[in-house]
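S.K.: Here you go, one structure.
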Amino acid sequence: MLRFLTAGESHGEALIGIVEGMPAGVPVAAADINRHLARRWLGFGRGGRSKFERDRVHIYSGIRFGHTIASPIAMRLDNAAYLKDRSGWPEVMAIEGTGEQVEKITLPRPGHADLVGVQKYGFDDIRPVIDRASARETAMRVACCSIARQLLNQFGIEIGSHVLRIGEVGVDLDSDWAGERDRLLADGAEALFGKADESEARMLDADLTAQCIEHIRATRKAGDSLGGIYEVVVTGLPAGLGSYAQWDRRLTGLLAQAVMSIQAQKAVEIGDGVRAAGLPGSKVHDPICDDAGTFRRRTNRAGGVEGGISTGMPIIVRGYMKPIPTLIKPLETVDMVSRESQPTRYERSDVTSVPAASTVAEATVAFALANALLEKFGGDSLDEMRPRVTP
Ligand code: EPS
């Protein structure tokens, strides 16, 4: 089983990750991980922090001469904000001392983990909650999952994503919008992410990108924030991953968890998903045909999964992200100490991070699929796996 853990606070010194369970002999280069880390910073609408965080991974173990050695892989990413912010983070996030001189944060922001976090852990200060619940953690997640992605790439499995909607601007999911996506997918899902990365909204359509940028600008001016919808697509995945035989082995559930584990995600759909619920079965299920001795489906409304098992068609997963809860325009809250009604206090934030979430979802989906691949074809080394995947 492939697994990983992350540690680290958003304004602490660094993020740490450990990946375990990778077979030996998989090529891993820091440059590939850094490429995906840089992609996570793409997209118009990020806040001040995006101007100086430059995520570069430091690998400490588990890789030798550019290949995995089946030992745990330990990594570090520095938080540039820790020293660059001049907000005294080394003092605020100090490992030792009493913290007596550090101001406590007592105004919980609606929609954040702030209030539930302090209630759950008994803190009198929201800072520990803010700092661990923060989506800063996804930087290390991308690093960990990029290693799993290297394994998938060895078998020609590619992952891409693009943004479908930011706030009010986006494709009409009920229309025939997917032509450009499908054209790109003919070259593999990485062609999809390559094209999306060229857009400041990570969208395939230039007009929609321009409209989105205007929408984000206007929203920033109004002191508000935006959510949106994105899509992750996987090509080259063999049929037969996952299983209907037990609830926790269904690929549908594993994919949903991969997306919903990302901060601020509120819904997920696979294939035609929500739309399929309102259509008759004859317009939803993919007809099966024989193509020179191979079973094929004429359409892929199922999004590449039937009965919790991959069909061999592209996997299509959509994530729905809520608007970021830190707003310039204050929301109503209550001071945890005085119990007085107060407006929320604004600290630096993004207007939207839907483009970033789309790249993080690529990573988490990669991890879920690498695990499913290992479950079916796993071995101790890449050489042992190769003939099992492509006999
Ligand atoms: C985040 C708030 C912002 C974002 C951060 C996530 O950080 P700060 O409060 O320091 O301005 O920039 O995202 C990242 C740092 C990142 O790497 O994605 C939050 O509250 O979730």
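S.K.: Within segment 33-82, restricting attention to residues that are among the aromatic types (Phe, Trp, Tyr) and more than 11 Å from the ligand (Cβ to nearest atom), which residue is farthest from the chain's Cα centre (by Cα)?
M.R.: So the residue we want is 65.
S.K.: Tally up the residues in segment 118-152 that are within 29 Å of residue 366 (Cβ to Cβ) and either of a type in the set (D, E, K, R) or within 12 Å of the ligand (Cβ to nearest atom) (or both), please.
M.R.: Looking only at that region, the number is 16.
S.K.: Can you name the condition, by its number, that residue 34 falls short on among (1) within 25 Å of residue 351 (Cβ to Cβ); (2) assigned to a helix (DSSP H, G or I)?
M.R.: It fails just one condition, (1).
S.K.: So residue 211 ticks every box in (1) part of a helix (DSSP H, G or I); (2) more than 28 Å from residue 363 (Cβ to Cβ); (3) of a type outside the set (A, V, I, L, M, F, W, C); (4) touching a residue at least 24 places away in the same chain (Cβ under 8 Å) but one. Which box is left unticked?
M.R.: Residue 211 satisfies every listed condition except (2).
S.K.: How many residues are part of a helix (DSSP H, G or I) and among the charged types (D, E, K, R) if we restrict to segment 363-382?
M.R.: Matching residues across segment 363-382 total 2.
S.K.: Mind telling me which of the residues 265, 257 ends up being at pLDDT 95 or above and loosely packed, with under 14 Cβ neighbours inside 10 Å?
M.R.: 257
S.K.: Is it the case that some residue within segment 224-234 is in a loop (DSSP other than H, G, I, E, B) and at positive phi?
M.R.: No, segment 224-234 has no match at all.
Residue-by-condition table, conditions (1) touching a Ser or Thr at 6+ places or on another chain (Cβ under 7 Å); (2) surrounded by 14 or more Cβ atoms within 10 Å (Cβ to Cβ); (3) in a loop (DSSP other than H, G, I, E, B); (4) of a type outside the set (Lys, Arg):
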{"site": "296", "(1), (2), (3), (4)": "no, yes, no, no"}
{"site": "303", "(1), (2), (3), (4)": "no, yes, yes, yes"}
{"site": "312", "(1), (2), (3), (4)": "no, yes, yes, yes"}
{"site": "317", "(1), (2), (3), (4)": "no, yes, no, yes"}
{"site": "323", "(1), (2), (3), (4)": "yes, yes, yes, yes"}
{"site": "326", "(1), (2), (3), (4)": "yes, yes, yes, yes"}
{"site": "333", "(1), (2), (3), (4)": "yes, yes, no, yes"}
{"site": "337", "(1), (2), (3), (4)": "yes, no, yes, yes"}
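S.K.: Can we say residue 85 is among the charged types (D, E, K, R), on the phi < 0 side of the Ramachandran plot and either crowded, with 18+ Cβ neighbours inside 10 Å or within 12 Å of the ligand (Cβ to nearest atom) (or both)?
M.R.: Yes.
S.K.: For segment 7-53, what are the residues that are surrounded by fewer than 22 Cβ atoms within 10 Å (Cβ to Cβ), under 24 Å from residue 354 (Cα atoms) and among the acidic types (Asp, Glu)?
M.R.: Across segment 7-53, the qualifying residues are 32, 53.
The values are calculated or read from the model by the stated rules, or taken from the named source; none is laboratory data. What you see is a predicted model; the values in this text were computed from it and never measured. Glycine gets a Cβ as well: all are built from the backbone with ideal geometry, and neighbour counts include every protein chain shown.
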